[in-house]
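One structure is given here, and the rest of the page talks about it.
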Amino acid sequence: SASTGANRSHTYILITDQLFRSEIDDGPWKNLVNGINNQYPFTSIAVSPAFAADSTAFVATSGDGVFRTTDQGDSWTRIVAGLDSVDIHELSVSPNFATDNRVLAASGTGGAWRSLDGGGHWQMVLSESVVISDFAQAFGARIIAGDTAGNVWRSDDGGRLWEIVYEFKGAGGVTRIALLGD
């Protein structure tokens, strides 16, 4: 028998301009289109750590901004209020999303935004001169970000204020970050 509710496992896959979901890892795959009217390719996906309870996930595109689902992907809403760019390449959901509703987004052309209401409203936290390539959020308020110039950024207040804590000079851009602990 098929499992239901919070016990279900989901796999999401982005393929250029399409988003698919499977309740088991090898299919069948459902093309998710309800509410997603993207004209640009998908670039990132982020899922709430409390997905079993809140059914929330986010996808970003290179020209349509960010879309959110709160029903496991059956329907989507475009959420761009406050985004100065709709060319979003990176998304990150707080490990404490169930209580802090924090989501981060970064543009492929520069700038980063934070939302404290699950993507309902965005506020710029890093200027257009900074192109973030990855975020890593801790269970506390610490966030580490890397940029395409090789800088490592840190915020200790949930993404409101940022500082460069290290520069990898001549090494190229930071591609991915993993953060463990608080």
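The values are calculated or read from the model by the stated rules, or taken from the named source; none is laboratory data. Because the structure is a prediction, the values reported are computed rather than measured. Because the Cβ atoms are built from the backbone with ideal geometry, glycine has one as well, and the counts that use them run over all protein chains shown. Protein only, heavy atoms only, side chains kept; ligands, DNA and RNA dropped before computing areas. Shrake-Rupley method; radii C 1.70, N 1.55, O 1.52, S 1.80 Å.
Using only the heavy atoms of the protein chains and a 1.4 Å probe, how would H10, H121 rank by accessible area, largest first? The partial results should precede the final answer.
Details: H10 35, H121 120 Å².
Ranked from most to least accessible, the order is H121, H10.
Applying 1/(1 + (r/R0)^6) with R0 = 25 Å to the Cβ-Cβ distance of N34 and I13 gives a FRET efficiency near 0.90.
Per-residue ellipticity at 222 nm, computed for the chain from helices alone with -39500 (n - 2.57) per DSSP H run of at least four residues, works out to -500 deg cm²/dmol.
Considering only M124, A53, G65, the residue lying farthest towards the positive end of the dipole of region 42-152 is A53, judged by Cα position with unit charges set on Cβ. Among P95, A149, S75, which residue has its Cα positioned farthest towards the positive end of the charge dipole of region 50-182, with +1 placed on the Cβ of Lys and Arg, -1 on the Cβ of Asp and Glu, and the dipole taken about the Cα centre? Of P95, A149, S75, it is A149. Per residue, the chain exposes 49 Å² of solvent-accessible protein surface, assessed with a 1.4 angstrom probe and all protein chains in place. If you sort Y12, Y166, Y40 by accessible surface, 1.4 Å probe, largest first, the order is Y166, Y40, Y12. Can you give me the relative contact order of region 94-182 as a percent, contacts being Cα pairs under 8 Å and 6 or more apart? It comes to 22 percent, rounded to a whole number. Rolling a 1.4 angstrom probe over the chain with all protein chains present gives an accessible area of which 50% lies on carbon and sulfur atoms. Overall, region 1-152 carries a charge dipole of about 240 debye about its Cα centre when +1 sits on the Cβ of Lys and Arg and -1 on the Cβ of Asp and Glu, all other atoms neutral.
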